[in-house]
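Chemist: Right, I'll just put the structure down here and ask away after.
The values are calculated or read from the model by the stated rules, or taken from the named source; none is laboratory data. Quick caveat, the model's predicted, so the values are computed rather than measured. With ideal geometry, Cβ positions are generated from the backbone for all residues, glycine too; neighbour counts draw on all protein chains shown.
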Amino acid sequence: MKKKLLAFLFAGLSGIALSLSAVSCGRSSEFAEVVIPRPATIEKCAGTFRIPTPLTVAFDTPETVADALGAYLRTTSLPAAETAEDAALRFVLTSEEGVPASEEGYELSVLPEGAVVRARGEAGLFYGLQTLLQLRSHYGDKIPAQRIVDAPRFGYRGMHLDESRHFFGKEFVKKQLRMMASLKLNRLHWHLTDGGGWRIEIDRYPELTEIAAWRAVEPWQEWLDAGRRPFGRREDPNAYGGFYTKEEIREVVAYADSLHITVIPEIEMPGHSEEVLAVYPELSCAGKPYVYDDLCIGNDKTFEFLENVLTEVMELFPSEYIHIGGDEATKKGWATCPKCRARMQREGLKDLDELQSYAVHRVEEFLNARGRKLLGWDEILQGGLAPNAAVMSWRGMSGGRKAAASGHPVVMTPGSFCYLDKYQGNPSTEPKALEGSLPLAKVYMCEPAPEDMEGRENVLGVQANLWTEYVPTAEHAEYMLYPRMFALAEVAWSAPERKDYDDFHRRALLRIETARAEGYNTFDQVASERAERPEALKQVKHLALGCPVSCGAEWYESYAADGAASLTDGWFGPWNYGYRWLGFLNRDFEATIDLGAVKAIREVKADFLQWHSALIGLPKSVEIAVSEDGEHFTVLGEELNDLPFDDPKLQCRAFGWEGTAQARYVRCRAAFHGNAGGWIFIDEIVVN
Ligand code: ACM
């Protein structure tokens with residue numbers, strides 16, 4: 001304890017306890033909450049806490065805790081001044097009744113006579129302070145009195161940052177760590193190595209940072225188009241890259257630690273290793289660079305390299321888990337590589353999946369023997385999961401479900417909810433992103449541990465990932481992170497029954513404002529369109545609404561929406577083809593709507609999707625025909641598409657006819673664009 005404060009504190013605390021029982025606190029529907037992630041319980045109390053200047057602070061905690069919190073307080077905008085008397089803000093480390101059982105939980109009482117944070121653990125005191133800071137950002141120095149009791153749903157609340165494809169530097173990372181702390185996120189998964197560049201100094205292998213950290217050009221596409229080569233040197237004209245020195249890594253790790261954030265380094269293996277093979281081609285099955293992406297598993301030198309690297313990595317990162325990647329190995333060189341084949345024979349490995357699994361097992365043994373645990377992307381399940389490994393499930397939830405059911409720890413980060421490299425707004429006006437749509441609302445919908453999940457207690461938590469192929473600058477990285485990380489934070493922290501998107505959306509708008517004032521470059525369309533295709537938000541009334549439709553072409557089973565009825569349900573699809581869109585593979589589309597009686601019509605518009613990377617293209621042409629008897633049709637018009645199939649922007653376009661006609665039956669035919677293996681996706685046929 002900080003002895004000098006004790007006597008005062010006991011007096012002070014009983015004072016607060018008295019006032020607590022004297023003030024009336026209770027739930028109030030009038031009370032608009034502001035904190036993200038949403039706390040477990042908030043009660044409104046009578047009166048207002050006026051933050052004095054200076055704000056006197058006292059600690060009833062061990063000295064180390066007081067010192068750490070005091071140091072942190074001095075970095076915030078609170079005008080904090082430590083005192084032994086009449087402190088307006090107190091931190092109390094206690095396991096008294098009423099304090100949440102979780103080390104990260106806290107109770108924050110903000111009363112007219114002062115504010116008190118009580119918690120069982122240092123992290124809990126820190127999070128109580130974060131809540132107070134958010135209240136102050138919103139209310140200024142007059143905070144409505146309230147009592148918050150709060151604790152996290154998950155222990156792992158993560159953000160991933162890819163600095164291989166683009167490199168941002170330590171000040172950027174520290175700035176994001178500050179935001180993470182404010183959102184009560186506690187794991188930074190730092191993707192430091194990949195084909196785009198090696199970003200961490202390793203003494204034993206200087207070429208990794210002298211060469212493999214510097215690619216010839218910055219623009220990702222240009223570099224890809226050049227065959228992912230070459231790497232050069234920092235001095236070369238156009239050289240792009242950078243790396244963290246050991247000193248900088250230590251600084252970031254210590255800084256994160258002061259914010260109760262653990263940094264988990266990722267060292268990619270055996271795939272995504274082009275940059276390593278560029279400088280150590282003997283580790284490739286080809287024996288030369290730029291042939292394969294994967295490390296040769298038959299070669300003992302590969303393991304010598306990995307173990308030496310991991311040894312230096314473990315010296316820098318005290319994290320329980322070391323992430324070893326494990327995703328997307330092409331396995332292309334392994335099948336014909338004499339060393340890999342010999343390894344398979346010696347070890348009795350029946351296929352390439354088992355060869356991969358051999359590598360992961362071997363690295364796991366190395367880590368475990370040094371007191372660390374292995375974490376890897378869900379491909380590490382292939383060929384048999386290493387005995388103590390934790391799985392990060394990115395290809396949907398199924399890998400995570402499988403691992404959890406067999407008792408392995410799991411971090412959920414399913415691509416359709418957690419990949420922040422996708423579009424968050426209108427793809428036709430947003431900066432280039434990974435094809436696909438992940439608006440704020442969709443992140444918020446993520447459920448990392450569904451009730452029907454076997455072994456759901458093995459879900460450590462959830463994480464959102466920022467891959468940076470199309471994120472060239474620090475400003476753009478923030479733009480992709482926020483506010484979607486706000487949603488992830490609430491998914492990770494708040495109990496499902498406390499989640500409410502409308503309320504979150506309101507709080508997110510407030511938090512965006514303060515984030516911008518703090519100098520973060522956030523996505524700014526949340527207020528106007530909720531970052532979703534506006535047409536998809538409201539049912540459209542039209543003449544054919546609810547009318548029966550017969551579809552003259554078979555849709556693909558996985559893209560069935562609600563069947564043919566989807567075409568007249570009044571709902572446009574979102575910027576995301578997995579929902580409300582009816583998909584047709586390699587074929588023309590035809591549908592006929594029965595309006596029920598002959599009616600005057602003036603417009604027929606069929607709405608289609610273009611999403612090149614998913615091979616979804618607009619139809620070549622759309623023909624509208626009508627009939628009064630359902631047998632004899634008159635063609636009213638045909639509209640041709642002029643957008644090339646390879647136009648990369650995700651977009652929706654309506655094709656059809658306008659004029660005057662009488663009809664009971666309306667037929668729409670859309671001609672396949674002709675690209676084999678390609679799709680047509682349609683969501684609605686609007687008739688007026
Ligand atoms: C991944 O997105 N390849 C893990």
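Chemist: Does VAL540 qualify as being buried (at least 19 other Cβ atoms within 10 Å of the Cβ) and within 27 Å of ASP683 (Cβ to Cβ)?
Modeler: no
Chemist: When the residues of the range 376-409 are filtered to those that are within 16 Å of the ligand (Cβ to nearest atom) and over 20 Å from the mean Cα position of the chain (by Cα), which remaining residue is nearest to GLU354 (Cα to Cα)?
Modeler: GLN382
Chemist: OK, next. Between residues in the range 83-102 that are under 23 Å from ARG136 (Cα atoms) and residues that are of a type in the set (Ser, Thr, Tyr) and outside any loop (DSSP other than H, G, I, E, B), which pairs lie under 6 Å by C-beta distance while being six or more apart or on different chains?
Modeler: Hits for this filter: THR83/THR56; ALA87/THR56; ALA88/THR56.
Chemist: A further question follows. Being hydrophobic (A, V, I, L, M, F, W, C) and modelled with pLDDT of 95 or more: is that true of LEU595 here?
Modeler: In short, yes.
Chemist: Oh, and also: Starting from residues that are in a strand (DSSP E or B) and surrounded by fewer than 23 Cβ atoms within 10 Å (Cβ to Cβ), keep the ones in the range 423-443 and report whichever is farthest from the ligand (Cβ to nearest atom).
Modeler: GLU435
Chemist: Further, regarding this structure: Pick out, from the range 162-269, the helices (runs of 4 or more DSSP H) lying fully within it that include 1 or more residues that are at pLDDT 95 or above.
Modeler: Qualifying helices (runs of 4 or more DSSP H): 170-182, 207-210, 246-258.
Chemist: So, of the residues in the range 457-482 that are more than 16 Å from the ligand (Cβ to nearest atom), more than 12 Å from the chain's Cα centre (by Cα) and not in a helix (DSSP H, G or I), which turns out to be nearest to LYS184 (Cα to Cα)?
Modeler: GLY461
Chemist: Which one of ALA278, ALA286, ALA239, ALA256 is surrounded by fewer than 19 Cβ atoms within 10 Å (Cβ to Cβ), touching a residue at least 12 places away in the same chain (Cβ under 8 Å), among the hydrophobic types (A, V, I, L, M, F, W, C) and touching a strand residue (DSSP E or B) at 6+ places or on another chain (Cβ under 9 Å)?
Modeler: ALA239
Chemist: Please go through the range 183-210 and pick out each residue that is in contact (Cβ under 8 Å) with a residue 24 or more places away in the chain and surrounded by fewer than 22 Cβ atoms within 10 Å (Cβ to Cβ). It would help to see each step written out before you state the result.
Modeler: Just the residues of the range 183-210 that are in contact (Cβ under 8 Å) with a residue 24 or more places away in the chain, to begin with: 183-205, 207-210.
Within the range 183-210, GLU201, ASP203, ARG204, TYR205, GLU207, GLU210 meet the criteria.
Chemist: May I pose another question? Restricting the range 254-286 to residues that are more than 14 Å from the ligand (Cβ to nearest atom) and of a type in the set (S, T, N, Q), which is nearest to LEU316 (Cα to Cα)?
Modeler: The residue in question is THR262.
Chemist: Let me ask another. Please count how many residues of the range 410-422 are within 12 Å of the ligand (Cβ to nearest atom) and aromatic (Phe, Trp, Tyr).
Modeler: Count: 1.
Chemist: Oh, and also: Please work out if MET412 is under 13 Å from the mean Cα position of the chain (by Cα) and modelled with pLDDT under 95.
Modeler: So MET412 fails the test.
Chemist: Separate question: What is the number of the single condition among (1) assigned to a loop (DSSP other than H, G, I, E, B); (2) closer than 24 Å to GLN610 by Cα that SER550 does not meet?
Modeler: (1)
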